[in-house]
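Colleague: Take this structure first; my questions come after.
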Amino acid sequence: MRIAVLGNADSWYLADLQRAAAERDCGCERIDYRMLRTSVRTGGEQTSAEGRQLEDFDAVIVRTMPPGSLEQVVFRMDLLLMLEGAGKRVLNPPRAIECAVDKYLATSRIASAGLPVPETGVCENSDAAMELFQQLDGDVVVKPLFGSEGRGILRVSDPDLAFRTFRTLERIDAVLYLQRFIPHEGYDVRVLILGDRVLGAIRRFSDGDFRTNVARAGRAERHDATDAEVRLARMAAAATGTTFAGVDLLYDLDGTCYVIEVNAVPGWRAFQRATGVDVASRVIEFLQR
């Protein structure tokens, strides 16, 4: 079996996937998004990168979506959809990546599935954002619509600072995505799902920061997910169409559990250290099956 990994060179996850693939007699090669090219002709299409035909691979693992223009990102997603349509297994499916990477779309679908989410407001101008700020009781978490690992996220509870923040975002043509701040005990729960299996769960803690991302110096420990947490995680993954998903859950001080996010390109280094689960091997095994 040949597996293509769309990801960063010299990354820990690439090395881990290549190690796991070699142990299962599979080939695992990195593909650079910037090198992708396609030739379309009557009756068929060929996609390649640096002389390698993607049609010759059995599966594609998407591990990143690097920054680019709207045209570049749309082209990449179109290629993934074409490969999926040609019968290649793409992990995660392109439509799932499109949904999960877009916080507004993902939150909307999760809420439509009847799952608890923090009250959220989305708009494009600072006046509307100030109205939403007041509706959300003047204590909000402002997030970039596209982003991961806690980057660009801030908590705002002062009206003057809120106005300045919203005006700044408006000037750079950003979409303003605001969620009511959920007071909590300083940890969240991540449940890792692959296909129909729950690989495990961790609790992520942070000292003095409402963000618990391990990439921002958070700490992780093994967590035995409850039946209710597993149910929420499975339903959230299904709502976004993700096959390989890191589902983040957060409890408020009254014990209500909210679905915060579904990550369609979940990291597993901290998860693996805390749980001992060989995630890369599970991913390769899943693709082989």
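Taken together, the values in this text are just the output of simple stated rules run on the coordinates, not laboratory data. Owing to the predicted nature of the structure, the values given are computational and were not obtained by experimental measurement. All Cβ positions, even for glycine, are placed from backbone atoms using ideal geometry, and neighbour counts span all protein chains on display.
Colleague: Could you state the orientation-averaged shadow area of the convex hull built on the Cα atoms of segment 35-176, in nm² to one decimal?
Modeller: 11.0 nm²
Colleague: For segment 120-180, report the % of Cα-Cα distances exceeding 16 Å.
Modeller: Percentage above 16 Å: 32.
Colleague: So, one more: Using 5 Å bins from zero, what percent of all Cα-Cα pairs in the chain falls into each bin?
Modeller: Pair shares across the bins are 1, 5, 11, 15, 17, 16, 13, 10, 6, 3, 2, 0, 0.
Colleague: If packing is taken as the average number of other Cβ atoms within 10 Å across a peptide's residues, how do 279-287, 162-170 rank, most packed first? Numbers along the way, then the final one.
Modeller: Numbers: 279-287: 19.9, 162-170: 17.4.
So the order, starting with the most tightly packed, is 279-287, 162-170.
Colleague: Moving to a separate point now. Got the relative contact order for the chain handy, in percent, Cα pairs under 8 Å and 6 or more residues apart? Spell out each step's value before the answer.
Modeller: Numbers: 534 pairs, mean separation 50.9, N = 289.
Worked out over the chain, it gives 18 percent.
Colleague: In whole Å, how far is the Cα centre of segment 29-47 from that of segment 123-201?
Modeller: For segment 29-47 versus segment 123-201, the Cα centre distance is 37 Å.
Colleague: Please work out the Kirkwood hydrodynamic radius for segment 237-279, using every pair of different C-alpha atoms, and report it in angstroms with one decimal place.
Modeller: 11.8 Å
Colleague: Report the local net charge at residue 233: Lys and Arg +1, Asp and Glu -1, summed over other residues whose C-beta lies under 13 Å from its C-beta.
Modeller: -2
Colleague: For every other residue with a beta carbon closer than 12 angstrom to the beta carbon of residue 97, add +1 if it is Lys or Arg and -1 if Asp or Glu, then tell me the sum.
Modeller: 0
Colleague: Just the number, please: percent antiparallel of the DSSP beta bridges in the chain, rounded to the nearest 5. Could you put the intermediate results ahead of the total?
Modeller: Working: 44 of 56 bridges.
Taking every DSSP beta bridge within the chain, about 80 percent pair in antiparallel fashion.
Colleague: Counting Lys and Arg as +1 and Asp and Glu as -1, what is the net charge of the other residues whose Cβ lies under 12 Å from the Cβ of residue 275?
Modeller: My count for the surroundings of residue 275 gives +3.
Colleague: So for each of 260-268, 21-29, 248-256 I average, over its residues, the number of other beta carbons within 10 Å; can you give me the resulting order with the highest mean first?
Modeller: Ranked by mean Cβ neighbours within 10 Å, highest first: 260-268, 21-29, 248-256.
Colleague: Moving on to the next point. Provide the per-residue ³J(HN,Hα) series for segment 68-75, in order, calculated from phi with Karplus coefficients 6.51, -1.76, 1.60 and θ = phi - 60°, each as a whole number of Hz, with x at glycine and proline positions.
Modeller: x, 5, 4, 4, 5, 5, 4, 4
Colleague: Charges at C-beta only: +1 for Lys and Arg, -1 for Asp and Glu. How large is the resulting dipole of segment 79-154 about its Cα centre, in Debye rounded to 20?
Modeller: 600 debye
Colleague: Now, a different point. Would you work out which of 218, 276, 42 lies farthest towards the positive end of the dipole of the chain? Charges go on Cβ: Lys and Arg +1, Asp and Glu -1.
Modeller: Projecting each Cα onto the dipole axis, the largest value belongs to 42.
Colleague: Under a Cβ-only charge scheme (Lys and Arg +1, Asp and Glu -1), can you give me the dipole magnitude of the chain about the Cα centre, in debye to the nearest 20? Present the calculation step by step, with values, prior to reporting the outcome.
Modeller: Values: 36 positive and 42 negative charges, 156 e Å.
Its charge dipole is roughly 740 debye.
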